[in-house]
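Below is one structure, written out as structure tokens; comments come after it.
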Amino acid sequence: MSLAPGARPRLPRSARVQFDDVRRRPVLLYPEGAVFLNETGAAILALCDGRRTVADIAAELGARYQTDVLADVTAYLEQLAERELVDHDG
Amino acid sequence: MTDRPTTLLAELTHRCPLHCPYCSNPLALARRESELATEEWERVLTEARALGVLQLGLSGGEPLVRRDLEEIVAHAHGLGLYSTLVTSALGLTEARVLALRDAGLEHIQISFQDAQAGPAERIAGTKSWDAKLRAAAWARASGMAFTVNVVLHRQNLDHLEEIIALAARLGADRLELANTQYYGWALENRDALLPTREQLARAEAIVDRAARAHRGTMRILYVLPDYFSEFPKPCQGGWGRVYLVVAPDGKVMPCHAASQITSLAFDDVRARSLEWIWNESAAFTAFRGEGWMRAPCATCERRTQDYGGCRCQAFAITGDARRTDPVCSLSPDRALVDAAIARAAAPPPAFRYREMPARAT
């Protein structure tokens, strides 16, 4: 599944990210499942609000990390979309 | 270091209005008098979160018979647990759906026994169809994630297309199609429930098609029939690795079927902390890791994927929980499973329905 730069990703209604203070890392929770995230993954998902496009998210994070992250952001969101943990328009 | 658990199944009660012949509860059901009190469940959940648990299944029996369910849900929500209610939906009202949601419940899973009232109520052993349809509509409208759960077996597998259509019509976000696992009541009823290979081949083709057709609207999860698999299931992600169950009476187990392993003793949350039970107890350490394994598991390259399969199944079929799961094609006991499959060609015997024990005098 490919995700266009203009797609607007968002978490499904049934999923949320929280900080697990036992393991000291962010985690994506959804019905009967949990995916532990690294800092970058959590930063990407925090911007998946259904309004920002993949390109917007990559631009914001790229500015933060001073590098081009569009390919990495796209690949990360594609693998979550494949597992239906991220929804998107477009 | 021992792994931390991610998931706790809280069996709040064994009381249930249904009598399904494949019930996953043990044959020896816990009576109401032995059930943990509200504060005890709240302490268990607090300890579970501190141990690392993130996912909570509120199950039973029928968890709705606990009048303190909303209180327990609210406590779990306060801890940051993601809560799922696993219910028959009997006794559910619209007000209670909303009260549970407002207390912090995030996911409701309603069981259906078949695609139509007649056969479904025959399996459930009680009138239940209309109540389930009503409850499904409230669950759908509540905004919580909504799963329809159907246990599959010989007597409903041929209705699979209608079952999938029912779940879609009810607006389920998820449909869990779980082939019967043969422990406890289901093992008692195995000759009435075990499907034929032909039934399963048809079912798998239907599931594949439906999973594609409903992609994006209803996620279809299919629990494999392990008797028909070449290799065993990685039971609960490995014994004492990610999963634990607290039974209604406070006994803590690595799997809901584990109480049938009579060679193990299970500790009680009334006597010990959950942390001690997880890390130190004889039951949880018995089959953790690989040290307990024998041939062929001990040197098998699959041992890090399936952990030797299911200990409960090894005990149920061979009487020895250390043996390789007999469903494995490498198990010396595989003939016992094949003999059970061969019997599925014969007409099914009558169900032995799940019943609570008679009240002690």
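Laid out as a table, the results:
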item	result
Highest to lowest packing among A:38-48, B:236-246, scored as the average C-beta count within 10 Å	B:236-246, A:38-48
Computed FRET value (nearest 0.05) for A:A75 with A:L47, which takes r as the C-beta separation and R₀ as 22 Å	0.90
Bins of 20 Å, starting at 0 and running to the largest distance - Cα pair percent for the protein assembly as shown	23, 58, 19, 0
Protection proxy ranking, peptides B:307-313, B:50-56, average beta carbon neighbours within 10 Å, highest first	B:307-313, B:50-56
From phi via Karplus (6.51, -1.76, 1.60), per-residue ³J(HN,Hα) for segment B:168-180 in Hz, x at Gly/Pro	5, 5, 6, x, 5, 6, 9, 10, 9, 9, 10, 4, 4
Amide hydrogen neighbours beyond the local backbone of B:I220, cut-off 5 Å, H modeled	B:L175
Prolate/oblate/rounded label for segment A:10-90 (Cα gyration tensor, a/c 1.5)	oblate
Residue (of B:P5, B:T180, B:M356) at the positive-pole extreme of the protein assembly as shown, dipole from beta-carbon charges	B:M356
Nearest 10 degrees, 0 to 90: helix A:70-82 Cα axis against chain A principal axis	50 degrees
Whole-Å distance, taken between Cα centres, linking segment B:198-217 and segment B:55-116	28 Å
Note, ³J(HN,Hα) from phi for segment B:152-162, Karplus 6.51, -1.76, 1.60, rounded to Hz, x at Gly and Pro	9, 6, 3, 8, 10, 4, 6, 9, 4, 4, 5
Peptide A:30-39, shielding by other chains (average Cβ, 10 Å cutoff)	5
Shielding of B:77-84 by partner chains, average beta-carbon count, 10 Å	3
Rounded to whole Hz, the Karplus (6.51, -1.76, 1.60) HN-Hα couplings of segment B:108-113, x for glycine and proline	10, 10, 10, 7, 10, 9
Tensor-based shape of segment B:1-143 (alpha-carbon gyration tensor, a/c under 1.5 rounded, otherwise prolate or oblate)	prolate
Radius ratio Rg over Rh of segment B:57-208, counting only Cα atoms, Kirkwood formula for Rh	0.99
Fraction of beta bridges assigned by DSSP in segment B:126-272 that are antiparallel (%, nearest 5)	20 percent
Inter-chain shielding of A:12-18 (mean C-beta neighbours from other protein chains, 10 Å cut-off)	4
Antiparallel %, DSSP beta bridges [both residues in the protein assembly as shown], to 5	30 percent
Relative contact order (%) - chain B, alpha-carbon pairs under 8 angstrom, separation at least six	19 percent
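Each reported figure results from applying straightforward, stated rules to the coordinates on display, with no laboratory input. Just so you know, these numbers come straight off a predicted model, no measurement behind them. Using ideal geometry, Cβ is built from the backbone for each residue, glycine included, and neighbour counts are taken over all protein chains shown.
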